[in-house]
Amino acid sequence: MILDIKNLSKIFGKTCDMCLDETGAKPNSSICPKCKSIVGVNRVNLSLYKGEVLGIVGESGSGKSTLLQLIYQDVKASEGEIFIKHFKDKEGKTKNILDANLNELGDLRNSIMSMIYQNPRLGLNYQFSAGGNIAEKIICSGVKNYKMIRERALYFLDKTEIPNSRIDDYPEYFSGGQQQRIQISKALSSNPKILLLDEPTTGLDLSVQAKILDLIKELQHEIGFSMVVVSHDLGVIKHLTDITVVMKNGQIVERGLTDQVLEDPQHPYTQLLVSSIL
Amino acid sequence: MTYGFLDEEAKKEIRRSILKAIAIPGYIVSFASRELPIARGWGTGGLQVTLAIINESDTLKVIDQGCDGSVNAVNIRNFIKSVTKVKTTFSTKEASIIQTRHRIPEQELQEGQILVYQVPMPDILETVEPNTAKQKIMHANADYSKLWVLLYEDTSLFGDSRISNRYPVLVENRYAMDPSPIPKYDTLKLNNNKALQLFGAGREKKIYALPPYTKVEPLKFEDKEFLVENFEGKVCKRCKSSQSFLDELYNDDGSTSYYCNDTDYCDTYKEGKL
Amino acid sequence: MIRLEVKNLKKIFHVHTQGGIEVTGFNDINFELKKGEFLSLFGPSGAGKSSVLKTLFRTYTTSGGSIIFNKDNGESIDISRVNESAILQLRKHDIGYVSQFLHILPRVSAVEVVSQELMFKGESQSTSILKAKEMLDYLSIREELFDLSPLTFSGGEQQRVNIAKGIIAPKSLLLLDEPTASLDKNNTMKVIQKLQEIKKEGVSMIGIFHDLEAMDLISDRVYKLSRVK
């Protein structure tokens, strides 16, 4: 198991003893009736094996993006544990990544996990050139040799079909789709074991979307990293993932093979979602 | 008036900060910067460090851009003399405390000497990250990637770093340090120096230090050379040395002449006493 | 050896979006499949033939019964009960599905689609490409189409690429849903020929055919499904 999430929850607000029980898919609400806190993620359990691609699908407010942010620790979890195979304490035992100190969190993000945001502005530094952005990630993973850094940056830009001649251009001079591709290059340049993608193609033109999804799938096949993809678009999920979980009001209501979830949905909510595809 | 102008409590606090700084080479220590008869931005940090450590047995030298005779050096030296009655000198070899603005003396320092730097901005990360909270986290994490990326960008576009002075250095493989605006030429002198090096920033209220024999390396890629200012083919017009950092001066007729920046070095070389 | 044992298999759909009504997909399916055997599912439209195939592949969940898959190494797995990761492994190594529709990445060429199956099994790139081209040629795909993406092909051409992909490096169990539906007589016979070849190599297959002649030619047995009441 490469990623193991146990009882993960995130509550925004005061929190009380009723929050988790009184909210969720059945009550059809994310707001605690007693203290009015918002339960973004409600006791989620998930596991992922090496090379698998997991899709998390749900509508706005389902908690899917929050879940990803909790894993990457952009947002602090309220409770729960997350274990990653490669993240161990000094004695060699796998450690809850939510207990990671600042240094360990840096290590996690530099060599184990990478995140690709919906908006490239969150994943890229616009003060650095395209090559500079990728160089940053490579340098963080420990490489201090200029030639190596430059070659790897060129290699990953090549992989995402950004012309090599543009390596020194600044991100704002690229189209949205290209900025997203630079983000992907950057995320991959540290050879992560787990790639997290938050709505990677939402907002891009359809033709660009198709190309980027293809690219991501191809890279995943080639390099073999595990992937967690969050999307509200079932088409994206179908294209990229092996296993899908469906979220509603912070809880997982269904989990199964992607083709099974799409063709033989079990949960009423999933059936509703699937029947709503245009 | 108390010895060294500052009261004993002030001196104690500064000394404690200095000790902490020496214990953690390259780490920036905050201190309560006092009021002085010199305005902020004119060397009050270096001055407070000197006043906290100086005593009757010391011999003081003060230089500004290598020169004992510049207005600021003269004023600071006179001030310290007036509040301590300490011996002063122009000679690098004879001084026990050397307060300097933006240069390291050409002659190699010895054990027992102290070099006190006047520092305008104490944090090298300020060149790449304006947010002080983020700077602190970067230091805590030894995350100097922004400095490295700056180096990468310069190397990609120009072949080498564009930094001419205040070149970032790494202390004992841990902290990135601001060497103060010394020319790139002087950066290599920080490493493994026999003298104690203290850095004071009065306006920013920070002190940091390098104990003797500390490993200090300029931030550079493994496969790139560290190139410094080149004075090939040029000699000091006054002492004929070709081994020192030279100032380029323009004569009235438009021609250029070169002179040693370090005045004591020039004097000593001219007298053949090097 | 018995490759697949299906016992009391049934599938009931609970359609919550239509008020929670229950629709029976199929009921009481029982059969065994030997190594190297071809079983055809036969029955009227709506009898659940495709549903059975999908349930065997685990695209549909099981509502009752068991599906025991026996590997060559002696290991037995109940497809109806095992977890998703195990199913993914089975689909990768042991069970193939040739559907009516081609699911591939748009930028991959016809040759790549087919040769990748061989390379996955460990063959060199050059041999894989050669064999892929031979197969495509055999199934009457014109040479100028080899390096193009199959998404631009006609339905029949796509179907042939799909079949090529499924049979070039066949897994021990192959599920075929109307493999000759869009093919003319000539190509249908070619496909049957290939299926007979891999059958001799020991590949077990379950197929659905509308073309009764083709079904008769390839099947060792026929399993009849009746329309669900």
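Values in this text are rule-based calculations from the coordinates and carry no lab data. Quick caveat: nothing in here was measured; it's all calculated off a predicted structure. With ideal geometry, Cβ positions are generated from the backbone for all residues, glycine too; neighbour counts draw on all protein chains shown.
The table for this structure:
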quantity: D (Stokes-Einstein, µm²/s), Kirkwood Cα radius, segment B:231-274, 1.002 mPa s at 20 °C; calculated: 202
quantity: Structure-based [θ]222 nm, chain A - -39500 (n - 2.57) summed over DSSP H runs of at least 4, per residue, nearest 500; calculated: -10000 deg cm²/dmol
quantity: Segment A:94-182: GluC sites (Glu not before Pro) in DSSP loop, at most 14 other beta carbons within 10 Å; calculated: A:Glu161
quantity: Label point distance in nm, B:Lys87-B:Thr256, each placed 7 Å from Cα along Cα→Cβ; calculated: 4.1
quantity: Amide H contacts of A:Glu79 (H built 1.01 Å from N, under 5 Å, at least 5 apart or other chain); calculated: A:Ser9
quantity: Whichever lysines have a C-alpha closer than 16 Å to that of B:Lys81, once near sequence neighbours (fewer than 8 apart) are set aside; calculated: B:Lys61
quantity: Dimensions (Å) - the protein assembly as shown, Cα atoms, principal axes, largest first; calculated: 115, 67, 46
quantity: Loop-resident sites, segment C:91-140, for chymotrypsin sites (Phe, Trp or Tyr not before Pro), counting at most 11 other Cβ within 10 Å (DSSP); calculated: C:Phe101
quantity: Karplus (6.51, -1.76, 1.60) ³J(HN,Hα), θ = phi - 60°, over segment B:37-47, in Hz, Gly and Pro reported as x; calculated: x, 10, 5, 4, x, 10, x, 5, x, x, 4
quantity: For residues of A:142-150, the mean tally of beta carbons on other chains within 10 Å; calculated: 5
quantity: Filter on A:Lys137/C:Lys131; A:Lys193/B:Lys136; B:Lys184/B:Lys240; A:Lys85/B:Lys224; A:Lys36/A:Lys186 - keep pairs with C-alpha separation over 32 Å; calculated: A:Lys137/C:Lys131; A:Lys85/B:Lys224; A:Lys36/A:Lys186
quantity: J(HN,Hα) series, segment C:198-210, from Karplus relation 6.51 cos²θ - 1.76 cosθ + 1.60, nearest Hz, glycine and proline x; calculated: 6, 4, 5, 6, x, 6, 8, 9, 10, x, 10, 10, 8
quantity: More than 25 Å apart - percent of Cα-Cα pairs taken over segment C:96-229; calculated: 23
quantity: Chain C, relative contact order [Cα under 8 Å, separation at least 6], %; calculated: 29
quantity: Segment A:3-275: translational diffusion in µm²/s, Stokes-Einstein, Kirkwood Rh over Cα pairs, 20 °C, 1.002 mPa s; calculated: 110
quantity: Acute angle (nearest 10 degrees) that the helix C:84-93 long axis makes with the longest principal axis of chain C, alpha-carbon atoms; calculated: 40
quantity: For segment A:94-205: Kirkwood Rh in Å [reciprocal of mean 1/r, alpha carbons]; calculated: 14.3
quantity: Partner chain coverage, peptide C:81-91 - average Cβ within 10 angstrom; calculated: 4
quantity: Average beta-carbon neighbours from other chains, 10 Å sphere, peptide B:139-149; calculated: 6
quantity: Whole-Hz ³J(HN,Hα) from phi, Karplus 6.51 cos²θ - 1.76 cosθ + 1.60, for segment A:110-123, glycine and proline x; calculated: 8, 9, 10, 10, 10, 10, 10, 8, 4, 9, x, 4, 7, x
quantity: Spatial extent of segment C:102-169: Rg and Dmax, with the Cα atoms as the point set, Å; calculated: 10.6, 31
quantity: Set of aspartates and glutamates near A:Lys26 by C-alpha distance (under 15 Å), chain-local residues within fewer than 8 positions excluded; calculated: A:Glu254
quantity: Rg to Rh quotient for chain C, alpha carbon positions, Kirkwood Rh; calculated: 0.97
quantity: Set of aspartates and glutamates with alpha-carbon distance to A:Lys10 below 19 Å, sequence-local pairs under 8 removed; calculated: A:Asp21, A:Glu22, A:Glu59, A:Asp74, A:Glu79, A:Glu81, A:Asp99, A:Asp198
quantity: Cysteines in chain A lacking a second Cys C-beta under 4.7 Å; calculated: A:Cys140
quantity: Pairwise Cα inverse-distance average, inverted: Kirkwood Rh of segment B:24-127 (Å); calculated: 14.3
quantity: Loop-located GluC sites (Glu not before Pro) in segment B:26-108, at most 15 other Cβ atoms within 10 Å (DSSP); calculated: B:Glu35, B:Glu56, B:Glu94, B:Glu108
quantity: Residues with amide H under 5 Å from that of B:Val116, placed H, sequence gap 5 or more; calculated: B:Ile98, B:Gln99, B:Thr100, B:Leu198
quantity: Of C:Lys7/C:Lys171; A:Lys159/A:Lys248; A:Lys93/A:Lys248; A:Lys95/C:Lys54, those spanning more than 29 Å from alpha-carbon to alpha-carbon; calculated: A:Lys159/A:Lys248; A:Lys93/A:Lys248; A:Lys95/C:Lys54
